[in-house]
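Below: one structure, written as structure tokens.
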Amino acid sequence: MEDISNHIWNIKYRDKSDATLEDTWRRIARALCAVEPVNKAHWEMQFYQALSGFQFLPGGRIQAGAGIQRNVTLLNCFVMGMIDDSMEGIFNALKESALTLQQGGGIGYDFSSLRPRGTKAKHTGTIASGPVSFMHVWDAMCDTLLSTGSRRGAMMATLRCDHPDIEEFIAVKQQAGVLYHFNLSVQVTDEFMAAVRDDTDWPLVFPAQGISSHSSTLYREWPGYQEKIPCRIVKHVQARSLWQKILRASYDYAEPGVLFIDRINDLNNLWYRERISATNPCGEIPLPPYGACDLGSINLVKFVRKPFTDSASLDFDGLTSIVRTATRMLDNVIDASHFPLTIHKTMAQGSRRIGLGITGLADTFVMLGIKYGSLQSLELATRIMQQICHTAYHTSTELAKEKGSFPFYDKKKYLQGKFIRGLPEEFQSGIARWGIRNSHLIAIAPTGTISMLANNVSSGLEPIFSVRYRRTVLNTEGAASQFELTNYAVRKWRLLTGRSSNVPEALICAEDIPPRVHLEMQAALQPYVDNAISKTINIPEQYPFKEFERLYDLAYEMGLKGFTTFRPNPVRGAVLEHAEGGMNAPHCCTIEREAD
């Protein structure tokens, strides 16, 4: 193991009973096979073999919590319930958040249900301070609760693009240190994007019963309501002007991101019972109120045969086999886990949602002699993701035959889902005959920490950051340790060739990849991801704003569910630090904040 890998294992994932890394793998395998009704010994061996050598990397909460003697959740993140627009409702929600963060789960919240700043309540006459003011309360709670140790609290806050306080939300993180524990995303609707395109006015609204006003009303969907409800128009803004504010804030300060929320809901396999308005902290799992994410990633570098040679290839048979085992393991996590709240358990066991993804994609390309962003890389990435998706769906259908479908399954309605209708006919027929064990199966997470654990493979679908760079990691007392790292593929190439310098010919680093290529890679994988993809598009500091705007148009046109960019700036710093020097990483982007 690399020094940083051993450090991360020790401070994040090693239980007191684990003398070696192999003991950790055995502990996880034993805990997850315990919920099997028969053949426990067989499945323990299968699970152990999948974990050994870092072939399958379960989410960090699974690795840290499975089989230990503490009451902790194995699920990485949760989206919390709607915040009732009252003092009692707000502080009940705060309590639920604290209990969830305490068990190690990151959280997502839609703050749109809170009245805009300056409005008067009908019944009490009190003046609202607005959703952003209460986000500061959440941030302080998170800071207090998790003020020491190697793990920080990760939270996502979203707000509707038609909420009257949307402009305050967009601008709130333009000062260093503000809402330190939050990532922010705007819920962007198709109607808003049409208004931007047509350069029309855009109404900012709030449910009529929450605003004392004589202004006109219109009907909108709103969190907490099953049908569209009358909303009062608080004011109008120019849609294009508001869109420019979102983009300029992202360009200058790297936040907020955007969620194309109608697309998320249109493609939701549980469209018939859920309305989604938030995601987990890194964005790869859009979830309904009290939904949970159960994550794991296939380490693609472990399936490259004869790397750095003319006959290098990817072992698709081995990949298929590991996907089958990993799907079963993640399904078992739902039954093996504790939950912060009873409602979390109800929702997780009702949908049995899992998020199986990938890591090491960029290193895999280098080992195969393929440049990241080339047509060949896009075609291979698409084939990999298609294989993982289809294998996972087939496995989940087989699990339904053996163990039953997820409780929220409605055969007729589920088969009408847009994503399901996009699967090959044989898979649709299998679901129609046998049902399916898990409502959702695929998500691509950032995998920052678990990729470091696996000897510093490239993270998720991200390109290689640099041949050499520094990374700062916290220890159990909260003190920082700094490690100088060499990219996994480069290190392996040097080991195999006996060279101590130079790099493989196919290596290309993030700063040399045009932003549009990042976008094309995300778009290539999206059709085979039923949850979502966590991807940050690296933007050069000198990148023209006009071209930056075009990227967001392309993200929408290419069918992405969300879009996040990062351009170095004085307030947010830079994501990582080159070995030759550079700015420190902002806390929101470091592995201490990622929910794995």
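Just one of the listed residues (Val186, Val205) is crowded, with 21+ Cβ neighbours inside 10 Å, modelled with pLDDT of 95 or more, in contact with a Cys (Cβ under 8 Å, 6 or more places away or on another chain) and closer than 21 Å to Phe545 by Cα, and it is Val186.
Return a yes/no flag: does region 104-127 have any residue that is under 30 Å from Thr20 (Cα atoms) and in a helix (DSSP H, G or I). Scanning region 104-127, I find no residue that is under 30 Å from Thr20 (Cα atoms) and in a helix (DSSP H, G or I), so the answer is no. Is it the case that some residue within region 245-260 is β-branched (Val, Ile, Thr), in contact (Cβ under 8 Å) with a residue 60 or more places away in the chain and under 30 Å from Tyr414 (Cβ atoms)? The answer is yes; a qualifying residue exists.
Residues of region 369-381 that are assigned to a helix (DSSP H, G or I) and surrounded by fewer than 17 Cβ atoms within 10 Å (Cβ to Cβ): Leu375, Gln376, Glu379. Would you check which residues across region 152-189 are of a type in the set (Ser, Thr, Tyr) and within 16 Å of Val258 (Cβ to Cβ) and list them? Hits for region 152-189 are Thr158, Ser185, Thr189.
Each row is one residue, and each column tells you yes or no for (1) at pLDDT below 95; (2) surrounded by 20 or more Cβ atoms within 10 Å (Cβ to Cβ); (3) among the hydrophobic types (A, V, I, L, M, F, W, C).
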site	(1), (2), (3)
Lys40	no, no, no
Met45	no, no, yes
Ala64	yes, yes, yes
Leu114	no, yes, yes
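If only residues of region 491-505 that are in contact (Cβ under 8 Å) with a residue 60 or more places away in the chain and of a type in the set (A, V, I, L, M, F, W, C) are counted, the one that is nearest to Phe308 (Cα to Cα) is Trp493. Among the candidates Asn265, Asn269, the residue that is within 30 Å of Lys413 (Cα to Cα), of a type in the set (S, T, N, Q) and buried (at least 21 other Cβ atoms within 10 Å of the Cβ) is uniquely Asn269. Filtered by the rule that a residue be over 18 Å from the mean Cα position of the chain (by Cα) and of a type in the set (Val, Ile, Thr), region 234-288 gives Val234, Val237, Ile246. Restricting region 304-332 to residues that are in contact with a Lys or Arg (Cβ under 9 Å, 6 or more places away or on another chain) and polar (S, T, N, Q), which is surrounded by the most Cβ atoms within 10 Å (Cβ to Cβ)? Here the residue is Thr327.
The values are calculated or read from the model by the stated rules, or taken from the named source; none is laboratory data. All figures in this text were calculated on a predicted structure; none of them were measured in a lab. Cβ coordinates were reconstructed from backbone atoms using ideal geometry, including for glycine residues, and neighbour counts include every protein chain displayed.
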